[in-house]
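The values are calculated or read from the model by the stated rules, or taken from the named source; none is laboratory data. These numbers were taken from a predicted model, which means no experiment stands behind them. Positions of Cβ are backbone-derived with ideal geometry, glycine not excepted, and every protein chain shown enters the neighbour counts. Ligands, DNA and RNA are excluded from the accessible area calculation, which covers all protein heavy atoms including side chains. Shrake-Rupley method; radii C 1.70, N 1.55, O 1.52, S 1.80 Å.
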Amino acid sequence: MNPVVIAAVFGIVFVGELPDKTMFASLVLAARGRILLVWLGAAAAFVVHVAIAVTIGGVLFTLLPHQLVQGAVALLFLFGAVIAYRETRSDDDEPSDTGYRFEGARTILTAFVVIFIAEWGDLTQILTANLAARYDNAIEVGIAAVAALWAVAALAMIAGRLMRRLPVSLVRRVTAVALLILAALVGIEAITGVTFVV
(Lines give C-alpha, C1' and ligand atoms only; values in the text may rest on other atoms or scores of the structure.)
Protein backbone atom coordinates (compact mmCIF):
# COMPACT_ATOMS: atom_id res chain seq x y z
CA MET A 1 0.00 0.00 0.00
CA ASN A 2 1.26 3.43 -0.94
CA PRO A 3 0.28 5.88 1.84
CA VAL A 4 0.91 8.87 -0.45
CA VAL A 5 -1.67 7.63 -2.97
CA ILE A 6 -4.17 6.82 -0.23
CA ALA A 7 -3.72 10.22 1.44
CA ALA A 8 -3.95 12.11 -1.86
CA VAL A 9 -7.08 10.27 -3.01
CA PHE A 10 -8.72 10.53 0.41
CA GLY A 11 -8.10 14.30 0.54
CA ILE A 12 -9.31 14.99 -3.00
CA VAL A 13 -12.46 12.89 -2.69
CA PHE A 14 -13.22 14.16 0.83
CA VAL A 15 -13.02 17.83 -0.22
CA GLY A 16 -14.92 17.11 -3.43
CA GLU A 17 -17.75 15.44 -1.54
CA LEU A 18 -18.20 18.13 1.14
CA PRO A 19 -20.33 20.52 -0.92
CA ASP A 20 -21.95 17.70 -2.87
CA LYS A 21 -25.66 17.02 -3.23
CA THR A 22 -25.07 13.58 -1.73
CA MET A 23 -23.80 15.13 1.49
CA PHE A 24 -26.97 17.21 1.69
CA ALA A 25 -29.11 14.17 0.92
CA SER A 26 -27.37 12.42 3.84
CA LEU A 27 -28.26 15.36 6.10
CA VAL A 28 -31.93 15.14 5.10
CA LEU A 29 -32.05 11.35 5.46
CA ALA A 30 -30.38 11.52 8.88
CA ALA A 31 -33.02 14.00 10.00
CA ARG A 32 -35.71 11.47 9.09
CA GLY A 33 -34.28 8.19 10.33
CA ARG A 34 -31.72 6.60 12.62
CA ILE A 35 -28.27 7.95 11.83
CA LEU A 36 -26.50 4.57 11.87
CA LEU A 37 -29.07 3.00 9.53
CA VAL A 38 -28.89 5.94 7.13
CA TRP A 39 -25.09 5.72 7.17
CA LEU A 40 -25.19 1.96 6.44
CA GLY A 41 -27.41 2.51 3.39
CA ALA A 42 -25.27 5.39 2.15
CA ALA A 43 -22.05 3.42 2.79
CA ALA A 44 -23.29 0.49 0.72
CA ALA A 45 -24.21 2.81 -2.17
CA PHE A 46 -20.76 4.41 -2.04
CA VAL A 47 -19.04 1.01 -2.22
CA VAL A 48 -21.00 0.13 -5.38
CA HIS A 49 -20.23 3.47 -7.02
CA VAL A 50 -16.53 3.39 -6.16
CA ALA A 51 -16.26 -0.16 -7.55
CA ILE A 52 -17.78 1.06 -10.81
CA ALA A 53 -15.56 4.17 -10.92
CA VAL A 54 -12.25 2.40 -10.26
CA THR A 55 -13.12 -0.31 -12.80
CA ILE A 56 -13.75 2.33 -15.47
CA GLY A 57 -10.57 4.18 -14.51
CA GLY A 58 -8.49 0.99 -14.49
CA VAL A 59 -9.78 -0.13 -17.88
CA LEU A 60 -8.98 3.25 -19.42
CA PHE A 61 -5.41 3.09 -18.13
CA THR A 62 -4.69 -0.37 -19.53
CA LEU A 63 -6.29 0.16 -22.96
CA LEU A 64 -5.09 3.66 -23.85
CA PRO A 65 -1.63 5.25 -24.11
CA HIS A 66 -0.47 6.92 -20.87
CA GLN A 67 -0.26 10.47 -22.31
CA LEU A 68 -3.76 10.18 -23.79
CA VAL A 69 -5.14 9.01 -20.42
CA GLN A 70 -3.34 11.90 -18.66
CA GLY A 71 -4.81 14.36 -21.15
CA ALA A 72 -8.29 12.94 -20.57
CA VAL A 73 -7.77 13.05 -16.80
CA ALA A 74 -6.71 16.71 -17.05
CA LEU A 75 -9.83 17.53 -19.06
CA LEU A 76 -12.05 15.67 -16.58
CA PHE A 77 -10.45 17.50 -13.64
CA LEU A 78 -11.10 20.75 -15.52
CA PHE A 79 -14.70 19.64 -16.11
CA GLY A 80 -15.01 18.87 -12.37
CA ALA A 81 -13.65 22.33 -11.52
CA VAL A 82 -16.25 23.93 -13.79
CA ILE A 83 -19.05 21.87 -12.22
CA ALA A 84 -17.90 22.72 -8.69
CA TYR A 85 -17.67 26.43 -9.54
CA ARG A 86 -21.04 26.51 -11.32
CA GLU A 87 -22.71 24.89 -8.30
CA THR A 88 -21.60 27.84 -6.13
CA ARG A 89 -24.42 29.80 -7.73
CA SER A 90 -27.24 27.44 -6.72
CA ASP A 91 -29.46 28.73 -3.96
CA ASP A 92 -31.34 25.54 -3.13
CA ASP A 93 -28.59 23.80 -1.15
CA GLU A 94 -30.30 23.89 2.23
CA PRO A 95 -31.90 20.59 3.18
CA SER A 96 -35.43 20.63 4.48
CA ASP A 97 -36.99 18.34 7.04
CA THR A 98 -40.56 17.37 6.16
CA GLY A 99 -41.03 15.70 9.52
CA TYR A 100 -41.56 12.27 7.92
CA ARG A 101 -39.61 9.52 9.72
CA PHE A 102 -38.78 5.95 8.75
CA GLU A 103 -37.05 3.11 10.60
CA GLY A 104 -35.26 -0.23 10.20
CA ALA A 105 -34.55 -1.92 6.90
CA ARG A 106 -36.63 0.70 5.13
CA THR A 107 -34.19 3.37 6.33
CA ILE A 108 -31.19 1.45 4.97
CA LEU A 109 -32.90 0.74 1.64
CA THR A 110 -34.12 4.32 1.24
CA ALA A 111 -30.67 5.73 2.00
CA PHE A 112 -29.05 3.27 -0.42
CA VAL A 113 -31.43 4.13 -3.27
CA VAL A 114 -31.24 7.90 -2.72
CA ILE A 115 -27.43 7.96 -2.53
CA PHE A 116 -27.03 5.43 -5.35
CA ILE A 117 -29.12 7.57 -7.69
CA ALA A 118 -27.58 10.86 -6.53
CA GLU A 119 -24.01 9.61 -7.14
CA TRP A 120 -24.43 8.71 -10.85
CA GLY A 121 -22.17 10.97 -12.88
CA ASP A 122 -21.34 12.84 -9.69
CA LEU A 123 -18.16 14.85 -9.26
CA THR A 124 -16.65 12.35 -6.81
CA GLN A 125 -17.47 9.41 -9.06
CA ILE A 126 -15.70 11.18 -11.93
CA LEU A 127 -12.81 12.06 -9.61
CA THR A 128 -12.51 8.45 -8.46
CA ALA A 129 -12.42 7.15 -12.04
CA ASN A 130 -9.81 9.81 -12.90
CA LEU A 131 -7.67 8.94 -9.88
CA ALA A 132 -7.86 5.21 -10.64
CA ALA A 133 -6.62 5.97 -14.15
CA ARG A 134 -4.02 8.40 -12.83
CA TYR A 135 -2.48 6.05 -10.28
CA ASP A 136 -3.22 2.77 -12.10
CA ASN A 137 -4.15 1.23 -8.74
CA ALA A 138 -7.83 0.45 -8.38
CA ILE A 139 -7.50 -1.16 -4.93
CA GLU A 140 -5.75 1.74 -3.17
CA VAL A 141 -7.83 4.37 -4.95
CA GLY A 142 -11.00 2.43 -4.13
CA ILE A 143 -10.12 2.04 -0.45
CA ALA A 144 -9.23 5.72 -0.09
CA ALA A 145 -12.29 6.92 -2.01
CA VAL A 146 -14.68 4.74 -0.01
CA ALA A 147 -13.07 5.88 3.26
CA ALA A 148 -13.42 9.54 2.22
CA LEU A 149 -17.06 9.10 1.18
CA TRP A 150 -17.86 7.24 4.38
CA ALA A 151 -16.15 9.95 6.42
CA VAL A 152 -18.14 12.72 4.74
CA ALA A 153 -21.38 10.77 5.19
CA ALA A 154 -20.60 10.26 8.88
CA LEU A 155 -19.66 13.91 9.22
CA ALA A 156 -22.89 14.95 7.53
CA MET A 157 -24.93 12.86 9.91
CA ILE A 158 -23.10 13.53 13.16
CA ALA A 159 -22.15 17.18 12.68
CA GLY A 160 -24.86 18.27 10.27
CA ARG A 161 -25.58 21.51 12.05
CA LEU A 162 -21.93 22.54 11.94
CA MET A 163 -21.72 21.69 8.23
CA ARG A 164 -24.74 23.86 7.52
CA ARG A 165 -22.95 26.86 9.03
CA LEU A 166 -20.14 26.68 6.48
CA PRO A 167 -20.83 28.76 3.40
CA VAL A 168 -21.43 26.10 0.76
CA SER A 169 -20.30 28.44 -2.00
CA LEU A 170 -16.92 28.85 -0.26
CA VAL A 171 -16.36 25.09 0.00
CA ARG A 172 -17.34 24.63 -3.65
CA ARG A 173 -15.00 27.42 -4.75
CA VAL A 174 -12.10 25.82 -2.85
CA THR A 175 -12.95 22.50 -4.53
CA ALA A 176 -13.03 24.20 -7.95
CA VAL A 177 -9.61 25.82 -7.39
CA ALA A 178 -8.08 22.51 -6.24
CA LEU A 179 -9.46 20.71 -9.30
CA LEU A 180 -8.27 23.49 -11.60
CA ILE A 181 -4.74 23.17 -10.18
CA LEU A 182 -4.88 19.39 -10.64
CA ALA A 183 -6.12 19.83 -14.22
CA ALA A 184 -3.21 22.16 -15.01
CA LEU A 185 -0.58 19.90 -13.42
CA VAL A 186 -1.86 16.71 -15.05
CA GLY A 187 -2.26 18.55 -18.37
CA ILE A 188 1.37 19.68 -18.21
CA GLU A 189 2.35 16.10 -17.40
CA ALA A 190 0.40 14.81 -20.40
CA ILE A 191 2.19 17.26 -22.70
CA THR A 192 5.71 17.15 -21.25
CA GLY A 193 5.91 13.80 -19.48
CA VAL A 194 7.14 15.55 -16.29
CA THR A 195 5.24 14.36 -13.20
CA PHE A 196 4.02 17.11 -10.85
CA VAL A 197 1.17 15.35 -9.04
CA VAL A 198 1.97 12.43 -6.72
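The residues on offer are Glu87, Glu17, and the sole one that is among the acidic types (Asp, Glu), buried (at least 18 other Cβ atoms within 10 Å of the Cβ), farther than 30 Å from Thr192 by Cα and modelled with pLDDT of 70 or more is Glu17. Among the residues making up segment 47-59, a single one is within 22 Å of Leu180 (Cα to Cα) and either modelled with pLDDT under 75 or touching an Asp or Glu at 6+ places or on another chain (Cβ under 8 Å) (or both): Gly57. When you scan segment 20-46, how many residues do you find that are at pLDDT 85 or above and either open to solvent by 10 Å² or more (accessible area, probe 1.4 Å) or within 13 Å of Ala151 (Cα to Cα) (or both)? So the answer is 8. Of the residues screened, Arg134 is one that is under 18 Å from Ala7 (Cα atoms) and either surrounded by fewer than 21 Cβ atoms within 10 Å (Cβ to Cβ) or at pLDDT 70 or above (or both).
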